[in-house]
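Coordinate-derived values only; no laboratory data. All values reported here derive from a predicted model rather than from experimental measurement. Note that each Cβ is placed from the backbone with ideal geometry, even for glycine, and that neighbours are counted across all protein chains shown.
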Ligand code: PGA
């Protein structure tokens, strides 16, 4: 449990749902509980690009925030298929950068992630930067090294001024979508490491303000074991955020942990 700001629950819908009506139904299902607890838990939804506008209209005045799952590092120009932070700024508060699926399937490098984060921050968006090690790194005891390098490179164009709008999500790749969530002790140690590296990269004061999340097979049954950890400021939720009831339960459990904290 971190202290700087409200805990954050980020719902990464990935490339789901394929139907716009279903996306709006999902928002409808999540809204009552998320709004009820918005004074205790910050909730941000990350739908696919085509649904952003419709979801933005539904979220207006609800206290629930909206984010995109990616952005480009230039603001406009000849970059076919890309979407810029300047374009997102009108209706999004957040953008996700460096998700492991983009690193794996689209060849995103640490340098690209750093440029995206800096561009989004310069457009006044808040950023969740994802980092995490592969199973083979974890097994070989190289997880810390990999994660530290990702954080250091990813923040290379950021400054202490960005810290209140910057979130790092630790997502061990072996835990994403596998049902094999990380042991909270392992998550805690890595989140502590991340905060230390943030401090070394953009300053100790900044490290206290940056929020650090856990992600990877989070559900209503295990979320408490993460959000109650010292230094954990919330979770990035994939699969479980596509079920309104399950995600609402995750919000309730998180709110309860912070109510007692
Ligand atoms: P998961 O995904 O909760 O389905 O494991 C998390 C993520 O990839 O952000």
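May I ask you to derive the FRET efficiency for residue 76 and residue 105 from their Cβ-Cβ distance with R0 = 22 Å, giving the value to the nearest 0.05? So the FRET efficiency works out to roughly 0.30.
Straightening the chain between residue 245 and residue 259 buys 3.0 nm, computed as 0.36 nm per residue apart minus the Cα-Cα spacing.
Helix-only arithmetic for the chain: the sum of -39500 (n - 2.57) across DSSP H runs with n ≥ 4, divided by the residue total, places the mean residue ellipticity at 222 nm at -13000 deg cm²/dmol. Annotation for residue 135 and residue 189: the two label points, set 7 Å from Cα along the Cα-Cβ direction, are 2.0 nm apart. Ordering 186, 99, 137, 260 from the fewest to the most neighbouring beta carbons within 10 Å gives 260, 186, 137, 99. Compactness of region 108-245 was expressed as the Cα radius of gyration divided by 2.2 N^0.38 Å, which yields 1.00.
Scaling against 2.2 N^0.38 Å puts the C-alpha radius of gyration of region 7-46 at 1.22. Here the extension length gained between residue 62 and residue 178 equals 38.5 nm, from 0.36 nm per residue of separation less the Cα-Cα distance.
Legend: calculated FRET efficiency, residue 152 to residue 208, from the Cβ-Cβ distance at R0 = 22 Å, rounded to 0.05, equals 0.75.
Simple spin-label estimate for residue 28 and residue 83 gives 2.3 nm between the two label positions (7 Å along the Cα-to-Cβ direction from each Cα).
Computed from the alpha carbon atoms alone, the convex hull of the chain holds 114 Å³ per residue. Note on 235, 158: ascending count of other Cβ atoms within 10 Å places them as 158, 235, the fewest first. For the pair region 220-257 / region 47-106, the C-alpha centres are spaced 23 Å from each other.
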